[in-house]
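The values are calculated or read from the model by the stated rules, or taken from the named source; none is laboratory data. Computed from a predicted structure; not experimentally measured. Note that each Cβ is placed from the backbone with ideal geometry, even for glycine, and that neighbours are counted across all protein chains shown. In case anyone asks, the SASA skips ligands and DNA or RNA and just uses the protein heavy atoms, side chains included. Shrake-Rupley method; radii C 1.70, N 1.55, O 1.52, S 1.80 Å.
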Amino acid sequence: MNTTPSISNVLFDVCQEYGLLPKDALIFSACVENNINYLITFDKDFKNLKNTKITIISDYQELSLQ
């Protein structure tokens, strides 16, 4: 994945603020950069991302509500 300066800035901010590992932060940063509103994942580390503009969906019940 190619990173832009914007993705890199978000990546480091997310690592520091939420304690995500760099790989997870890169996924989240790419979503921010590309205006993706929903992220479907079973990775529980993403549940710590509160008050963001991306909705984290981690089970089928949450998916059915969207």
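Given the chain, what helices (runs of 4 or more DSSP H) lie entirely inside it while holding 3 or more residues that are open to solvent by less than 90 Å² (accessible area, probe 1.4 Å) and modelled with pLDDT under 90?
Once the helices (runs of 4 or more DSSP H) in the chain are filtered for at least 3 residues that are open to solvent by less than 90 Å² (accessible area, probe 1.4 Å) and modelled with pLDDT under 90, what remains is 5-18, 22-33.
For segment 21-43, how many residues meet the condition of being within 9 Å of the chain's Cα centre (by Cα) and not aromatic (Phe, Trp, Tyr)?
9
Go through segment 23-40 and give me each residue that's within 18 Å of Ile7 (Cβ to Cβ) and among the hydroxyl-bearing types (Ser, Thr, Tyr).
Ser29 - this is the single residue of segment 23-40 that is within 18 Å of Ile7 (Cβ to Cβ) and among the hydroxyl-bearing types (Ser, Thr, Tyr).
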